[in-house]
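> Sharing a structure, written as structure tokens. Questions coming.
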Amino acid sequence: MTFDLDEDTANAQNIVKNLSKEFLPDMIKRFPGIAYDLEGQAKRSKESMESLIKGIVVASMIIFLLLASQFHSYNQPLIIMTAIPFGLIGAILGHFVMGLDITMISIFGIVALPRF
């Protein structure tokens, strides 16, 4: 089965979480031979997050190496890079204060934040 979701009325992440934790396990207990697979937005979001995490690690290492080559030191780039978590905390708090959901676009911005 496939479904189209009205984003103004419901949140896809909440629906998938509710299905995964409550409805689908009960359905499998009642009908042991049944199988399911979550596709679409949930699958693409998971793949994007995995890719972003790998990208963050690689980009951070490259930034560290570039800073280390410029400063001829390993300590100074570490000191400079300690500012990155403060930007992350600020972005998350900003979303919380403004009452906004953290979306994939927000996460892309957070990943790009320390690079500029």
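The values are calculated or read from the model by the stated rules, or taken from the named source; none is laboratory data. Keep in mind that this is a model prediction, so the values were computed, not measured. Virtual Cβ from ideal backbone geometry, glycine too; neighbours counted across all protein chains shown.
> Scanning for something touching a residue at least 24 places away in the same chain (Cβ under 8 Å), exposed (fewer than 12 other Cβ atoms within 10 Å of the Cβ) and out of contact with any strand residue (DSSP E or B) (no Cβ under 8 Å at 6 or more places or on another chain), does the stretch 105-115 turn up at least one residue?
For the stretch 105-115, residues touching a residue at least 24 places away in the same chain (Cβ under 8 Å), exposed (fewer than 12 other Cβ atoms within 10 Å of the Cβ) and out of contact with any strand residue (DSSP E or B) (no Cβ under 8 Å at 6 or more places or on another chain): present.
> For the stretch 52-80, what are the residues that are among the small types (G, A, S) and either more than 30 Å from I105 (Cα to Cα) or not assigned by TED's automatic domain parsing to the domain that holds G109 (or both)?
A68, S69, S73, listed by residue number.
> Moving to a separate point now. Hey, can you tell me all the residues within the stretch 50-96 that are outside any helix (DSSP H, G or I) and small (G, A, S)?
Result: S73, A83.
> Just to verify a result, which residue in the stretch 14-26, among those that are loosely packed, with under 13 Cβ neighbours inside 10 Å and of a type outside the set (F, W, Y), is nearest to M104 (Cα to Cα)?
N14
> Within the stretch 88-110, how many residues are small (G, A, S) and modelled with pLDDT under 85?
Counting residues in the stretch 88-110 that are small (G, A, S) and modelled with pLDDT under 85 gives 1.
> All but one of (1) closer than 21 Å to Q13 by Cα; (2) exposed (fewer than 12 other Cβ atoms within 10 Å of the Cβ); (3) at pLDDT 90 or above; (4) not aromatic (F, W, Y) hold for M61; which doesn't?
Here M61 meets the rest and fails (1).
> Of the residues that sit in the stretch 16-43 and are outside any loop (DSSP other than H, G, I, E, B) and at pLDDT below 80, which one is farthest from the chain's Cα centre (by Cα)?
Step by step, filter the stretch 16-43, then rank; the result is V16.
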